[in-house]
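Quick notes on the structure that follows.
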Amino acid sequence: MLGNPVEVYLYGTQYMTIILAFIPMTAALLYIYVPVYFRLQLTSAYEVNVLFIKYIFIHEHNNMPKLWNTSENIIKLFSCF
């Protein structure tokens, strides 16, 4: 909050577009994300990640995500060279 006057002074109306974008973003969060988190009884987005990983990787019969993750890591490894 203390840096906002400096940002407006330096970037002017461009910074105002960022501030105006918060209005639809807040509405989207309020009507889309919050009801989903409330129904799942979650308090954080990190819990979604943990639940997803547990669901995907604990089931022994489901090897496709493991295969996908392995192939993706191999592609990333070779793309670095």
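Values for this structure:
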| item | result |
| --- | --- |
| Net lengthening on full extension, VAL8/ARG39 (0.36 nm per residue, minus Cα-Cα) | 7.2 nm |
| Spin-label model distance (nm) - ASN49 vs ALA28, 7 Å beyond Cα toward Cβ | 2.0 nm |
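Each reported figure results from applying straightforward, stated rules to the coordinates on display, with no laboratory input. Just so it is clear, the model here is predicted, and its values are computed rather than measured. Neighbour counts run over all protein chains shown; Cβ positions are idealised from the backbone, glycine included.
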